[in-house]
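Take a look at the structure set out below.
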Amino acid sequence: MARDTEDNVETDRLEGVRHPREQLAFFGHREGEAAFLEGLRSGRLHHAWLIGGPQGIGKATLAYRVARAVLDLDPRAEAPASLDVSQASRAAHQVAALSHPNLAVLRRAPGTDKKAASATIPVDAVRKALGMFSSTAANGGYRVCIVDSADDLTIASANALLKVIEEPPPRSIFLIVSHAPQRLLPTIRSRCRRLLLRSLSEPDIKSVIGSLGSPWSDTEEGVLSRAIALSEGSARRTLELLDADKVASIDRVMSLLDTLPGTDTKQFIALAEGLARRDADENYELTLETIHRWVSDKLHEKAHLGASRLAPLVEVCDKIARSAREIDVYNLDRRPFILALFDDLAEAVRRAA
């Protein structure tokens, strides 16, 4: 049975969407796929790959796709022409079920009735999973370890992984997914072949949505197009926004932000009142995320003005994050926070103009 840290349960799986290990369809990232194929064909497949890029663009899907292809290989056969593997193949079934004897998966532990979901991948889980590499592969083929994601490793667990990567066993492959590869241990980065995946194009995202079937593929075209426009090239983010009410909420906040440094007090009060309701948690989080993205866009747009001119926007962004944490920790009223937030943003925009 595959070594897995979570009893086959995902902590952040989107309801109604196939997990990357179950997804055989693949869109975009052809250069990344070609890099693996070149290694297989040449017989010089690098033992460790750092697959980086924004969240929700297909990094884990590519990692599982590579794992399926490698685990499906007949050691005596020629290298494959593609990474496609039949859904009926034994390797595809075993990878989907996390039951392949030559596959180890490292990920966060799920929550239980008595314990919250783990925020990290602990060192004990890494050592247990990597025990697979102490023996020979079941069929003389490759052994594969997928880390999804390396951003969840602690310093101790990252060092435990590093020890195996530094002296890799024969015919072993480590597929390390990271949303922020620049933050990983330099020693891990230096031993990996880095593969940076870019955001998906609109046609590729539409293909991803279409491949999922109903109800995703039945989304009204206007909502789908607006969700893609707001997704920053992330298929996951698009799926999260395939809701007319969510899109309308984002557009409302964006329209208020775009009026800054002008102030429409009635609109700000109405928004604050709405976000203060007990049933508004999702919209509240969506609003904070929208504000963060708006500020980030402003910083990129005005980058030519220099750091000193943009400092007010950076400072207000940090202040918003701190205040939001305090609201959550102490369960404070959100209304004063939302009103103060827009006042601070207005002043920051005025100073950065």
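Rule-based calculations on the coordinates, nothing more; no lab input. Everything numeric here is computed off the predicted structure, so don't read it as measured data. Glycine also receives a Cβ, built like all others from the backbone with ideal geometry; neighbour counts cover every protein chain displayed.
Below, the figures for the structure above:
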item: The range 83-229: equivalent-ellipsoid semi-axes (sqrt of 5 x gyration tensor eigenvalues, Cα, Å); result: 31, 21, 18
item: Reciprocal of mean inverse Cα separation for the range 254-353 (Kirkwood radius, Å); result: 13.9
item: With Cα atoms, 0 to 90° folded angle of helix 155-166 axis to the chain main axis; result: 40
item: Cα-Cα P(r), the range 3-196, percent of pairs per 10 Å interval; result: 9, 39, 40, 12, 1, 0
item: Helix-derived mean residue ellipticity, 222 nm - over the chain, DSSP H n ≥ 4, -39500 (n - 2.57), to 500; result: -15500 deg cm²/dmol
item: The range 53-145: radius of gyration and largest Cα-Cα distance (Dmax), Å; result: 15.3, 51
item: Protection-proxy order for peptides 303-315, 37-49, 18-30, each taking the mean of Cβ atoms within 10 Å per residue, highest first; result: 18-30, 37-49, 303-315
item: Where Rh is the Kirkwood radius over Cα pairs, Rg/Rh for the chain; result: 1.01
item: 14 Å Cα-Cα reach of LYS266 towards aspartates and glutamates, excluding residues that sit fewer than 8 places from it in its own chain; result: ASP343
item: Length-normalised contact order of the range 244-352 in % [C-alpha pairs under 8 Å, at least 6 apart]; result: 39
item: All lysines inside 18 Å of LYS163 as judged from Cα atoms, apart from same-chain residues fewer than 8 positions distant; result: LYS128
